[in-house]
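Engineer: Before I ask anything, let me first share the structure, which is written out below as structure tokens.
The values are calculated or read from the model by the stated rules, or taken from the named source; none is laboratory data. Not measured: the values here are computed from a predicted model. All Cβ positions, even for glycine, are placed from backbone atoms using ideal geometry, and neighbour counts span all protein chains on display. Surface accessibility is based on the protein's heavy atoms, side chains included, excluding ligands, DNA and RNA. Shrake-Rupley method; radii C 1.70, N 1.55, O 1.52, S 1.80 Å.
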Amino acid sequence: MDVGYSSNKDEKHTCDNFHIICDENSHLHSHESSVGEKNNISIFKERKQLITIFTAILFYALGIIYNQFGNEKIIYISFLAVAYIISGKEVFKAVFKNIRKFDFLDENFLMMIATIGAIAIGEYPEAVGVMLFYNIGEYFESKAVNKSRKNIEELMNIKPEVAYLLKNGSIVEVDPNEVSIGDNIIVKVGDKVPLDGIVVKGKSRFDTSAITGESVLKSIGVGEEITSGIINKNSVVEIKVTKEFSDSTVSKILDLVENSVSKKAKTENFITVFARYYTPIVVALALVVSIVPTLVFNQPFFTWLYRGLIFLVVSCPCALVLSIPLSYFSGIGVASKNGILVKGSNYIEALKSVDTVLMDKTGTITKGIFEVSKVNVEDFISEEELLKYAAVAESRSSHPIANSISKYCSDKVSINIDKIEDYEEISAYGIRVVYDGREILAGNERLMKSRNIKFKEIFAATTKVYIAVDGVFLGSIEISDRIKDNMRDTIREMKSMGIKKIIMLTGDSDEVAKEVANEIGIERYYSKLLPNDKVDIVEQIMNENKENSKTAFIGDGINDAPVIARADVGISMGGLGSDAAIEASDLVFMTDEVSKIIPAIKIAKKTNSVVWENIVFAIGIKVLVLLLSILGLTNMWIAIFADVGVAVLAVLNSLRILSYNKR
């Protein structure tokens, strides 16, 4: 599954601190280094920054004090020069490095030009002040970004390092990648489950919060499926592995989170493009401010040069370039913590505008746990014979309905599957099997009608499987599914938060669709649908909606993959959901609960709100100070706040998203 947060190494970000998110993010789950080692590196960097800042402040203070009480100007300038070099060395290194790449028009270049200009006109304290406070701002930005990075790192620290493989009667510690399908592994108390599988011995309670976002421990016992990444809390269990590590739940989640930065929101793309053209324009405008008044209006050159330098300092786009991606990064992280995996910030942006939600029924609204509720048999055969043909037909299918029939028949009839000569699953119709020379058909009414078989149609609110052999109708099996808990409350809350249209799509009969819709409070539904019918309906509804509204589809089955891919926001269920549906989706709900749409939209709206707060705040302050600088009503210290102060405040505002809690 090609999903999640990858660092886009080819893309140049204007703010170096943002590389903590993008360039270092590719190492968040490095197999070679532990979380502790990476945290130590971050602590070392922070200490180094602090030492640099305090050393620069010391020399700066000595210079200012000596200027008040000393006589020799050279000593005063020397103290300030040392402070300037210490606080500005990283800026100079970045500029010269970028000059070699012919890509130097960034905030480091603006800082260097502005401070050198200030020194040229004798404004030594202000030149040092710009570099010093820029360093302080970088430190707080780095702290804020590291906090966000640490949240994501802790959240995604779900990769198991070892698996305990049962081999020749003994337990062997191996890498999870070395375990094959069909192997049995032991999971000890306190360990992460390393691979997906089925419990074959023991029963325990598991902490699933890292995968589903749910804090309540889940009890899992013999015969039940278990996913990798969850933590065993009570007793040892033995698991039969059903998926290789590369295909396991934990691997797919890590892939998703590691690759989602590559899919950017429109706002984020705009800021990246904006910064690319913004810096050269600002440099040109600063030159105009510095030179034109002197040449055209005979104004004092040094006065307007100073104003031009202020213009340069104020205009750094760092606040936008750093805080906007960080906002989306935080939003995706918080969603993950709540069991909602988002494949890119573009889907966070789309999700905030969702006002139409379409849902599949089976496995989405209902539990997808089918049970045979009634067997209808024609007069000329026995129930045992009907069940025998039904068991043969469903023996090779993995569909939940087929599993329920096979389970029901298992202790009532015996079959020899070696006699199956031909097997075909007919999408949206049913199954055709040639068994011991006889053709068996098992499926819905469409299958019977397509073969011109006369049958007794059942009009109950159940799922029906009609059975025919050699063109003769033998009877039918009725199957019931149960609606998920709290679905009515979920629908009610979806409506209250502004979702105008909630529509159910199902391949089931009108009777089943109507009963389910009435029970959960949905007014609009479509029944007897083929997979392509669902796509047509979604396209029709998307055309009906306004231009700025978005349509989401929630589904779980293989046949939902086309419509999930077609919707503005495609959502799949991570537990029951098929790999095809998860692959096609933009969001994955790890708990198989439709109710996850509510926190997902709330997180998206909060993220979008913070993004625009930062845009308006940063641009508003900068434009105001730029105008004041041209009019001569501000100085370099105000310019420093308009750059560094605004960037720090915007970053801190972005981190408010991390405070989201489920309510």
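Engineer: Just to be sure before I move on: is Leu341 touching a Leu at 6+ places or on another chain (Cβ under 9 Å), of a type outside the set (Gly, Ala, Ser) and not in a helix (DSSP H, G or I) in the structure I sent? Spell out the reasoning first.
Structural biologist: Details: touching a Leu at 6+ places or on another chain (Cβ under 9 Å): yes; of a type outside the set (Gly, Ala, Ser): yes; not in a helix (DSSP H, G or I): yes.
Criteria met by Leu341.
Engineer: Scan region 188-210 residue by residue and report those that are more than 18 Å from Asp247 (Cα to Cα), of a type in the set (Asp, Glu) and assigned to a loop (DSSP other than H, G, I, E, B).
Structural biologist: Residue satisfying the conditions is Asp191 alone.
Engineer: What are the residue pairs meeting all of these: first residue in region 458-473, first residue on the phi > 0 side of the Ramachandran plot, second residue in a loop (DSSP other than H, G, I, E, B), Cβ atoms under 9 Å, and 6 or more apart or on different chains?
Structural biologist: From region 458-473, the pairs are Gly471/Arg451; Gly471/Asn452; Gly471/Ile453.
Engineer: In addition: Among (1) under 32 Å from the mean Cα position of the chain (by Cα); (2) at pLDDT 75 or above; (3) under 30 Å from Leu655 (Cα atoms); (4) not aromatic (Phe, Trp, Tyr), there is one condition Lys188 misses while meeting the rest; what is its number?
Structural biologist: All conditions pass for Lys188, except number (3).
Engineer: Could you list, in sequence order, all residues of region 436-456 that are assigned to a loop (DSSP other than H, G, I, E, B) and under 45 Å from the mean Cα position of the chain (by Cα)?
Structural biologist: Going residue by residue through region 436-456, those that are assigned to a loop (DSSP other than H, G, I, E, B) are 436-437, 444, 451-456.
Asn444, the sole residue that qualifies.
Engineer: Going through region 433-473 one residue at a time, which ones are over 30 Å from Lys514 (Cβ atoms) and touching a helix residue (DSSP H, G or I) at 6+ places or on another chain (Cβ under 9 Å)?
Structural biologist: Going residue by residue through region 433-473, those that are over 30 Å from Lys514 (Cβ atoms) are 433-440, 469-472.
Once the filter is applied, which keeps residues that are over 30 Å from Lys514 (Cβ atoms) and touching a helix residue (DSSP H, G or I) at 6+ places or on another chain (Cβ under 9 Å), region 433-473 yields Val433, Tyr435, Asp436, Gly437, Arg438, Ile440, Val469.
Engineer: Only one residue in Ile420, Ile431, Ile453 is more than 18 Å from Ala402 (Cβ to Cβ), among the aliphatic types (A, V, I, L, M) and open to solvent by less than 30 Å² (accessible area, probe 1.4 Å), so which one is that? Reasoning before the result, please.
Structural biologist: Working: Ile420 fails: more than 18 Å from Ala402 (Cβ to Cβ); Ile431 fails: more than 18 Å from Ala402 (Cβ to Cβ).
Sole residue among the options that is more than 18 Å from Ala402 (Cβ to Cβ), among the aliphatic types (A, V, I, L, M) and open to solvent by less than 30 Å² (accessible area, probe 1.4 Å): Ile453.
Engineer: Right, next: Residues in region 520-536 that are touching a strand residue (DSSP E or B) at 6+ places or on another chain (Cβ under 6 Å) and either open to solvent by 50 Å² or more (accessible area, probe 1.4 Å) or more than 19 Å from Lys464 (Cα to Cα) (or both): how many?
Structural biologist: We begin by selecting, within region 520-536, every residue touching a strand residue (DSSP E or B) at 6+ places or on another chain (Cβ under 6 Å); these are 522, 524-526, 529, 534.
Next, only the ones that are either open to solvent by 50 Å² or more (accessible area, probe 1.4 Å) or more than 19 Å from Lys464 (Cα to Cα) (or both) stay: 522, 524-526, 534.
Looking only at that region, the number is 5.
Engineer: Please work out which one of (1) part of a loop (DSSP other than H, G, I, E, B); (2) touching a strand residue (DSSP E or B) at 6+ places or on another chain (Cβ under 7 Å) is the condition Lys596 fails and give its number.
Structural biologist: Among (1) part of a loop (DSSP other than H, G, I, E, B); (2) touching a strand residue (DSSP E or B) at 6+ places or on another chain (Cβ under 7 Å), the lone unmet condition for Lys596 is (1).
Engineer: Can you spot a residue in region 371-381 that is touching a residue at least 12 places away in the same chain (Cβ under 8 Å), open to solvent by less than 10 Å² (accessible area, probe 1.4 Å) and polar (S, T, N, Q)?
Structural biologist: Taking region 371-381 first, the residues touching a residue at least 12 places away in the same chain (Cβ under 8 Å) are 371-378, 381.
Okay, now just the ones that are also open to solvent by less than 10 Å² (accessible area, probe 1.4 Å), so none.
The answer is no; no qualifying residue exists.
Engineer: Any residue at all in region 555-564 that's farther than 22 Å from Leu351 by Cβ, of a type in the set (A, V, I, L, M), open to solvent by 20 Å² or more (accessible area, probe 1.4 Å) and at pLDDT below 80?
Structural biologist: Looking through region 555-564, at least one residue is farther than 22 Å from Leu351 by Cβ, of a type in the set (A, V, I, L, M), open to solvent by 20 Å² or more (accessible area, probe 1.4 Å) and at pLDDT below 80.
Engineer: Let me ask something else. Do you know which residues across region 393-417 are within 15 Å of Glu383 (Cα to Cα), under 45 Å from the mean Cα position of the chain (by Cα) and surrounded by 14 or more Cβ atoms within 10 Å (Cβ to Cβ)?
Structural biologist: Ile405, Ser406, Tyr408, Cys409, listed by residue number.
Engineer: Then there is this: Of the residues that make up region 342-350, is at least one over 30 Å from Glu523 (Cα atoms), open to solvent by 10 Å² or more (accessible area, probe 1.4 Å), in contact (Cβ under 8 Å) with a residue 40 or more places away in the chain and not polar (S, T, N, Q)?
Structural biologist: If we filter region 342-350 for residues that are over 30 Å from Glu523 (Cα atoms), which is where we start, we get 343-346.
Add one more test, that the residue is open to solvent by 10 Å² or more (accessible area, probe 1.4 Å), and what stays is 346.
The next check asks that each one be in contact (Cβ under 8 Å) with a residue 40 or more places away in the chain; those that pass are 346.
If we keep only those that are not polar (S, T, N, Q) as well, we get none.
No - not one qualifying residue is present in region 342-350.
Engineer: Which of the numbered conditions does Val174 fail, given that it passes all the others? Conditions: (1) within 21 Å of Tyr60 (Cβ to Cβ); (2) modelled with pLDDT of 85 or more.
Structural biologist: (1)
Engineer: Looking at (1) at pLDDT below 85; (2) farther than 28 Å from Met487 by Cβ; (3) not in a loop (DSSP other than H, G, I, E, B); (4) not polar (S, T, N, Q), can you tell me which one Ile615 breaks?
Structural biologist: Failed condition: (1).
Engineer: Next up: Any residue at all in region 623-646 that's touching a strand residue (DSSP E or B) at 6+ places or on another chain (Cβ under 6 Å) and not in a helix (DSSP H, G or I)? Walk me through it before giving the result.
Structural biologist: Keep residues of region 623-646 that are touching a strand residue (DSSP E or B) at 6+ places or on another chain (Cβ under 6 Å), which gives none.
No: zero hits.
Residues checked against (1) over 30 Å from Asp436 (Cβ atoms); (2) of a type in the set (A, V, I, L, M, F, W, C); (3) part of a loop (DSSP other than H, G, I, E, B); (4) open to solvent by 20 Å² or more (accessible area, probe 1.4 Å):
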{"position": "Ile477", "(1), (2), (3), (4)": "no, yes, no, no"}
{"position": "Asp485", "(1), (2), (3), (4)": "yes, no, yes, yes"}
{"position": "Arg488", "(1), (2), (3), (4)": "yes, no, no, yes"}
{"position": "Ile499", "(1), (2), (3), (4)": "yes, yes, yes, no"}
{"position": "Ile503", "(1), (2), (3), (4)": "yes, yes, no, no"}
{"position": "Glu511", "(1), (2), (3), (4)": "yes, no, no, yes"}
{"position": "Ala517", "(1), (2), (3), (4)": "yes, yes, no, no"}
